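Student: Before anything else, here's the structure in question.
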Amino acid sequence: MSVPYETAAYEPAESPESPEEHLARLLGRALNSFELPDEAIRQLDCALAHDSSLHSAHHSAGLHRETYRHTWLLADGSAVTLWELVHNTAPGHDPQHEVYVDEEELRAATARLPLPQDTPDFELPVLVTLAPVPEPRHVYVPDDSADHARRLLRRAENPDRPGAETAEVLTAAFAHQITQAFGRPGRVGRAGPSFSLYEHAFLLRDGQELSLWEVEHTVTPDGRHMCEVYPTEDAARNAMERRATRQGQTG
């Protein structure tokens, strides 16, 4: 059952806004923006990207309210959310906008709205709940990340390593995180040639995330360490499996 609200009135169809422009527009229309803590606004100065979604809606007897979730991705990989309440319950029924820093404040403000509790069957309230905005998987460290990506790709010896297009994208990396992923049971930690699998996760300046998967192993003629790099975890694990299988056949 759809909610009868006008999307175009909420998100203009012009070119995409920057995170700063989106925040300014949100605060400009909110009647209570002056009540927000200064520190909550200052931390959004370093936002890289933003996302907005309808969280819930209630329409009844000519009155309505909608709540929206606005989330910004920060340079350190964390996310900050502001909650917007839009309703027409004030005298004159003009749309009113309010903004809150946490969901508890939003619930308290919503509970104060004079919306009818009992309505005829043909005017039942409509509640829509959308999936939550995913939090970033990584905690990034701002560093010389573009150079780290360049050196990682340079030392990769596998012919099917990511190519020039990936290298070009990673010139925009400004933060990264390296984590060790363990291989399939029976492959990692057993006697003989060693395997290690690492995820190199990069945060780009436009807020996108890109991971490269590094396999380090000693399945070489002289037992030296070899580095291979793959664009996906599955490709990296399959490469480990193939090398381990060949080693078992020749061992």
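Student: For a quick check of your reading of the model, give me the residue pairs whose first member lies in region 213-234 and is free of Cβ contacts under 8 Å to residues at least 24 places away in the same chain and more than 17 Å from Gln177 (Cβ to Cβ), whose second is of a type outside the set (D, E, K, R) and loosely packed, with under 12 Cβ neighbours inside 10 Å, with beta-carbon atoms closer than 9 Å and at least 6 apart or on different chains.
Tutor: Glu216/His225
Student: While we're looking at this one, here's another question. Please verify whether region 143-166 includes one or more residues that are modelled with pLDDT of 95 or more, among the hydroxyl-bearing types (Ser, Thr, Tyr) and either more than 30 Å from Ala49 (Cα to Cα) or surrounded by 12 or more Cβ atoms within 10 Å (Cβ to Cβ) (or both).
Tutor: Taking every residue of region 143-166 in turn, at least one turns out to be modelled with pLDDT of 95 or more, among the hydroxyl-bearing types (Ser, Thr, Tyr) and either more than 30 Å from Ala49 (Cα to Cα) or surrounded by 12 or more Cβ atoms within 10 Å (Cβ to Cβ) (or both).
Student: Are there any pairs, at least 6 apart or on different chains, whose C-beta atoms fall under 9 Å, with the first in region 156-182 and touching a residue at least 24 places away in the same chain (Cβ under 8 Å) and over 25 Å from Ser78 (Cα atoms) and the second surrounded by 15 or more Cβ atoms within 10 Å (Cβ to Cβ) and among the polar types (S, T, N, Q), and if so, which?
Tutor: Cβ pairs passing all conditions: none.
Student: May I ask you to list the residues in region 198-251 that are over 20 Å from Arg150 (Cβ atoms), at pLDDT 85 or above and touching a Pro at 6+ places or on another chain (Cβ under 7 Å)?
Tutor: His217
Student: Determine the pairs where a residue that is β-branched (Val, Ile, Thr), located within region 28-49, has a partner that is in a helix (DSSP H, G or I) with Cβ atoms under 7 Å apart, the partner being 6 or more residues away or on another chain.
Tutor: none
Student: Quick one: how many residues across region 75-96 are buried (at least 19 other Cβ atoms within 10 Å of the Cβ) and farther than 12 Å from Leu23 by Cβ?
Tutor: So the count comes out to 5.
Student: Looking only at residues that are polar (S, T, N, Q) and either part of a strand (DSSP E or B) or over 20 Å from the mean Cα position of the chain (by Cα) (or both) in region 57-84, which one is nearest to Asp102 (Cα to Cα)?
Tutor: Thr81
The values are calculated or read from the model by the stated rules, or taken from the named source; none is laboratory data. In this text the structure is predicted, and so the values were computed from the model without any measurement. Using ideal geometry, Cβ is built from the backbone for each residue, glycine included, and neighbour counts are taken over all protein chains shown.
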